[in-house]
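Each reported figure results from applying straightforward, stated rules to the coordinates on display, with no laboratory input. Please read these numbers as outputs of a predicted model, since none were measured by experiment. Neighbour counts are summed over all protein chains in view; Cβ atoms, including those assigned to glycine, are modelled from backbone coordinates with ideal geometry.
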Ligand code: NAD
């Protein structure tokens, strides 16, 4: 789909996120020949610098964060020529008249708020006060979107003072992943899956987001948040919604988001014994979570596993097991749909029995796989084995398929095109906090201390027990 000319203004254009994700993503679009004529990118941040200083900074960022094989000297020069820079103060008046003079009113304007959430309200108010935002203005905001329901409501209200909901793009980069969108294509573009997509045929669903890194240098910041706020309330919740939602009537932003919202509203409160929280231990020279957090008594979780129920007709009594953590044995994110066993086996016990599992891998190596049971080849009688039916589209579609774009790359272009399907709506975010808040308050009231787990392991022992009690097993993290 063609992209209109645009002005993209990155507030916080000198920050880590801009250098690591936003600018490299834009560069990749340009290198792929997808940048329209008349596109401009304007960095706006606190540091004093001119456009040429900014271009030098961005060149260095591209050299650091874009792999060498993806860099091309001509494309880099063309990209840098699109850049401009305005020093600005979100909390004062400095820089705003200069920005007003620079931004074009007659093209799509995307204002990327790549700054801390405490500045969102200031930026929205000043864009309004200086009459910068034109009729095609959009704003893009990053996580964390609030700390709890109350702060999320306050943030939504501060943006709503000057922008309509259809101008606000709340990014969850998990939604930008190719396989996440492919999940919708597989569910709603095939006859094969949807009839089976319910409590009658699905035993349970597992959602895993495992990281190998610890909280490292941002320990003090992370300690105020924890895995529930940092990962479950947003990323895991979004994945849960897409896997569990009813088919929307159309693939349009509000139809999809209405269905996601219904899932969140149908979530049961989670029983305390259905949640396990953990903190990683020290490993050799590597510090423990509490050392990283700088608080020897910290009760913040770096790991959480939970059993969740969705109270509706489709999912009655089908558990969804969610887990996420830091310093685990591998970096792996996947959704696994584990189907029930066949109701009756016609083979004798020796043949074995297997289940169908549809696994959707988000990282690394995005792809989908369906475990199917077949006869083990050979003359040894009827023995059943599971073989993977690999649905990784890049392999299936051959070498001509366009390289999988990075999530940010896709999402930024969706902002320019004005497509909100893959962005969270304000009411979704609030509903997710309304479900999360009582769980966190419960831990605080009970003074619960997270379990310790070995760094490099699959998580705390109690999380394994959560599954074993139900005669199920977590999938291996690999
Ligand atoms: P950062 O500290 O590296 O950069 C902050 C940027 O904001 C700088 O460009 C700074 O000049 C600018 N800034 C700060 N105060 C300002 C003011 N008063 N007026 C104008 N500009 C001001 O932060 P970051 O890591 O780039 O993160 C930005 C936002 O994105 C944060 O909300 C963060 O939580 C979120 N986020 C970051 C990442 C990441 O990978 N870094 C990932 C997800 C979300």
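Taking Cα atoms, how many degrees apart are the long axis of helix 253-265 and the longest axis of the chain, rounded to 10 and kept between 0 and 90? Approximately 50 degrees, to the nearest 10. Here each label is just a point 7 Å from Cα along the line to Cβ, and for residue 150 and residue 286 those points are 3.7 nm apart.
The mean sequence separation of alpha-carbon pairs under 8 Å and at least six residues apart, normalised by the residue count of region 1-52, gives a relative contact order of 58 percent. Mean separation of Cα pairs under 8 Å and 6 or more residues apart, divided by the residue count, gives the chain a relative contact order of 17 percent. The length gained by stretching the chain between residue 212 and residue 200 to full extension, at 0.36 nm per residue less their Cα-Cα distance, is 0.7 nm. Between residue 384 and residue 344, residue separation times 0.36 nm minus the direct Cα-Cα distance comes to 12.9 nm.
Distance between the 7 Å Cα→Cβ label points at residue 64 and residue 3: 2.3 nm.
Angle between the Cα long axis of helix 407-417 and the longest principal axis of the chain, 0 to 90 degrees, nearest 10? The angle comes out at about 50 degrees. Between region 185-245 and region 39-67, the alpha-carbon centres lie 34 Å apart. Considering only Cα atoms, the convex hull volume of region 232-280 works out to 92 Å³ per residue. With R₀ fixed at 25 Å, the C-beta to C-beta distance from residue 129 to residue 417 puts the FRET efficiency at about 0.35.
A Förster radius of 56 Å, combined with the Cβ-Cβ distance separating residue 93 from residue 476, puts the computed FRET efficiency at roughly 0.50. Shape index of the chain: Rg/Rh, with Rg the Cα radius of gyration and Rh the Kirkwood radius from the inverse mean 1/r over Cα pairs, equals 0.99. May I ask you to derive the FRET efficiency for residue 317 and residue 376 from their Cβ-Cβ distance with R0 = 60 Å, giving the value to the nearest 0.05? Step by step, r from the Cβ atoms, then E = 0.95. Fully extending the segment from residue 355 to residue 329 would add 6.8 nm, taking 0.36 nm per residue of separation and subtracting the current Cα-Cα distance. Taking only the C-alpha atoms of region 92-220, the Rg (one decimal) and the largest Cα-Cα distance, Dmax (whole number), read 20.3, 61 Å.
As a rough footprinting exposure proxy, the listed residues 258, 166 were ranked by other beta carbons within 10 Å of their own, and the order from fewest upward is 166, 258.
Given the DSSP H assignment, sum -39500 (n - 2.57) over each helix run of at least 4 residues in the chain and divide by its residue total; what's the result at 222 nm in deg cm²/dmol, nearest 500? Don't jump to the answer; show the numbers that get you there.
Numbers: 15 runs with 149 residues, N = 478.
Counting only the DSSP helices, I get -9000 deg cm²/dmol.
Summarising the label geometry, the points placed 7 Å from Cα in the beta-carbon direction at residue 446 and residue 78 lie 5.8 nm from one another. Relative to the dominant Cα principal axis of the chain, helix 120-129 is inclined by about 40°.
How much of the DSSP beta bridge set in the chain is antiparallel, as a percent to the nearest 5? Don't skip to the end; give the middle numbers.
On the way: 39 of 73 bridges.
Here the antiparallel bridges make up roughly 55 percent for the chain.
The relative contact order of region 233-327, computed from alpha carbon pairs under 8 Å that lie at least 6 residues apart in sequence, is 23 percent.
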